[in-house]
1. If you go through region 399-458, how many residues are in a loop (DSSP other than H, G, I, E, B), at pLDDT below 90 and of a type in the set (Phe, Trp, Tyr)?
2. Got a sec? Which of ALA106, ALA54, ALA40, ALA69 is more than 30 Å from ARG555 (Cα to Cα) and touching a residue at least 24 places away in the same chain (Cβ under 8 Å)?
3. Given (1) free of Cβ contacts under 8 Å to residues at least 40 places away in the same chain; (2) farther than 20 Å from PHE102 by Cα, identify the lone condition not met by GLN159.
4. Could you tell me which of the residues LEU121, LEU98, LEU62, LEU84 is among the hydrophobic types (A, V, I, L, M, F, W, C), more than 17 Å from GLN149 (Cα to Cα), without any contact (Cβ under 8 Å) to a residue 24 or more places away in the chain and assigned to a helix (DSSP H, G or I)?
5. How many residues are crowded, with 18+ Cβ neighbours inside 10 Å and either out of contact with any Asp or Glu (no Cβ under 8 Å at 6 or more places or on another chain) or modelled with pLDDT under 85 (or both) when one looks only at region 192-209?
6. Could you list, in sequence order, the residues of region 528-567 that are over 23 Å from the mean Cα position of the chain (by Cα) and either of a type in the set (Val, Ile, Thr) or part of a loop (DSSP other than H, G, I, E, B) (or both)?
Amino acid sequence: MHQAHPMLTHNKPFWNMLPEPLQDNLLLGSVGKLHLVTMAEQALDQAVSGTSPAQASFCVSLGLDMLLAAWEEDPLDGQLAGQLLMLQEKIPGLPEHLIPIFRYVAKMWRPPEQNAYYARLVQRRETHKTCRYLEQMLEKDPENLYWWQQALSVGPFEQEWEWTTHCMDRHWPAAMPLLGQRIRAELRMSQGLPVTNRMLDTAQEIAMSAACGQRLLGDLAYTEGNREQAFHHWRQTLRLRPWQTGLILKMHDTLLGVDQQRTIPPGKTMVLLYSYNKGEELAVTLDSLHASKLHGATVAVLDNASTDQTPDLLRSWQDRLGPQRFQVISLPVNIGAPAARNWLMHLPECGQADWLVYLDDDVSLPEDWLERLGAAREVYPEAGVWGCKVVDFHNPASIQSADLHVRELKPADRPDVSENWTSFRLSNLHHQILDQGQFSYLRPCSSVTGCCHLFARDVLLECGDFDLRFSPSQFDDLDHDLRLCLNGRPAVYTGHLEIGHLKRTGRATLNNAQQYGSAMANEYKLHHNYAPEQVERIATLDRDVTRRDLLAKVRAMAEHGDLQEWM
């Protein structure tokens, strides 16, 4: 039996022991190296700011553990390993079996003095050139863990799994075989390949903390359908790391069966799409839509003056399903995304619907997608909009969008004067990790992606049209969600629905100067659309609803005997 962490040995409830800035950050989530480093710094700063001895001890334990968790998300980061070693000398408390690994990583992580060429390759996302360059560096200096850190970041995020495995097999340093074994196990998990408990047990013994190992074993058991075994490992994780709010949300949904709920939205549903010259992607979308359980929902597609095969594709689908089930609106000019959304929502047929769903024209849907959104609506019926997790269709380990949370910008958040036009920040934790189920939960947030989102028709109309200033596209859906928040109706995100997005977010925009300029201009408009007091209202609403939601779920879990010391 694992002993409770020192953070749980105080008489005061765990949540109340947390400094307010840490509470706020933990409401955003408990994963992501950069996020964890920020929280570790907050905890350690609090420990030396004149608090009571008990509070100082608590914050030291918390800060050390969060910094260790940050390293565990990127175990080849020599800078983090060096920081952990320095802290260990002053305030011992890290797992003894990891100290030799910290020393090795800190010593062998050697960033080059000149790195401009590599930085350009990464910025341009020239994947093949980047991989070729990294392999040359690994051949030249195989024990330099900086290049390994880069390779094990670029390879998985760019779905170069075969290349990553080839590099591991050919170049991995012989001095650290068990660290390599841990990395191999996690790479297999990210690809959805089988991982034996023996592989993870061996990795846990040498290359991670007990909490990290228990979390991986729990997630593995869950993906294999062994829920009771998952609960066992997750409980051990939360005894050691009670601050893992994301795991609390996931475990709550699993304990109460929320992750398996499916509900048909009551009444009539219309599915709305608009498209411009994306015939191939639209074909994938319509195939997956037709193969799904629509429960009588009808479809309307607006063709924004496409000149490719889109008109023929839509004609064939209308011939196949009939105009009553599949309506086509063909426009002579491209009116852009916001106007297309508005045109669709004001169709006479939509006036007879209870629910309106917008879908992008380049997504792949699971068969139960509508039921999953219906389940989210059933749990949170007062939300303004319900959305889901979006992943790269070609690389599902890469999350493009999850639950987005608005926070105010403070002076410390503005290191670059050129960025002073931004008025708020959005959480980006999902971009800091590869997906191993860390965002598989249901909860309120500030915004969800517009790739696949469900509205109650009356609420959509009450909020008003999508803003035409965001033409031709980008940020019109986010702006609409923020307006809903100002109306007191936050979004709700379900990570129990995952859809694949055929577009690799950012890549096409980076390679197209016109698109990049348009996106930047629309982002500028978005930030100037909201006065500081409005941003504060949105962020305050997000804090309030996510805090109430988290604490309610902790109470529900306490009824099952879990998290008794939490509040």
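The values are calculated or read from the model by the stated rules, or taken from the named source; none is laboratory data. The structure displayed is predicted, hence computed values, not measured ones. All Cβ positions, glycine included, derive from the backbone under ideal geometry; neighbour counts span all protein chains shown.
1. So the answer is 1.
2. On the way: ALA54 fails: more than 30 Å from ARG555 (Cα to Cα); ALA40 fails: more than 30 Å from ARG555 (Cα to Cα); ALA69 fails: more than 30 Å from ARG555 (Cα to Cα).
Being more than 30 Å from ARG555 (Cα to Cα) and touching a residue at least 24 places away in the same chain (Cβ under 8 Å) holds for just one of ALA106, ALA54, ALA40, ALA69, which is ALA106.
3. Here GLN159 meets the rest and fails (1).
4. Numbers: LEU121 fails: more than 17 Å from GLN149 (Cα to Cα); LEU98 fails: without any contact (Cβ under 8 Å) to a residue 24 or more places away in the chain; LEU62 fails: without any contact (Cβ under 8 Å) to a residue 24 or more places away in the chain.
Just a single option satisfies the conditions, and that option is LEU84.
5. First pass over region 192-209, keeping only residues crowded, with 18+ Cβ neighbours inside 10 Å: 195, 199-200, 203-204, 207-209.
From what's left, either out of contact with any Asp or Glu (no Cβ under 8 Å at 6 or more places or on another chain) or modelled with pLDDT under 85 (or both): 195, 199-200, 203-204, 207-208.
The number of residues fulfilling the criteria is 7.
6. ASN529, TYR530, ALA531, GLU559, HIS560, GLY561, ASP562, LEU563, GLN564, GLU565, TRP566, MET567
Residues checked against (1) modelled with pLDDT of 95 or more; (2) under 27 Å from GLU160 (Cβ atoms); (3) not assigned by TED's automatic domain parsing to the domain that holds GLN436:
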position: PRO338; (1), (2), (3): no, no, no
position: TRP343; (1), (2), (3): yes, no, no
position: ASP354; (1), (2), (3): yes, no, no
position: TYR358; (1), (2), (3): yes, no, no
position: ASP368; (1), (2), (3): yes, no, no
position: GLU371; (1), (2), (3): yes, no, no
position: VAL385; (1), (2), (3): yes, no, no
position: LYS389; (1), (2), (3): yes, yes, no
position: HIS394; (1), (2), (3): no, yes, no
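This table checks each residue for (1) assigned to a helix (DSSP H, G or I); (2) touching a residue at least 12 places away in the same chain (Cβ under 8 Å); (3) of a type in the set (D, E, K, R).
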site	(1), (2), (3)
ALA283	yes, yes, no
ASP287	yes, no, yes
LYS293	no, yes, yes
ALA300	no, yes, no
GLN318	yes, no, no
GLN327	no, yes, no
TRP343	yes, yes, no
LEU356	no, yes, no
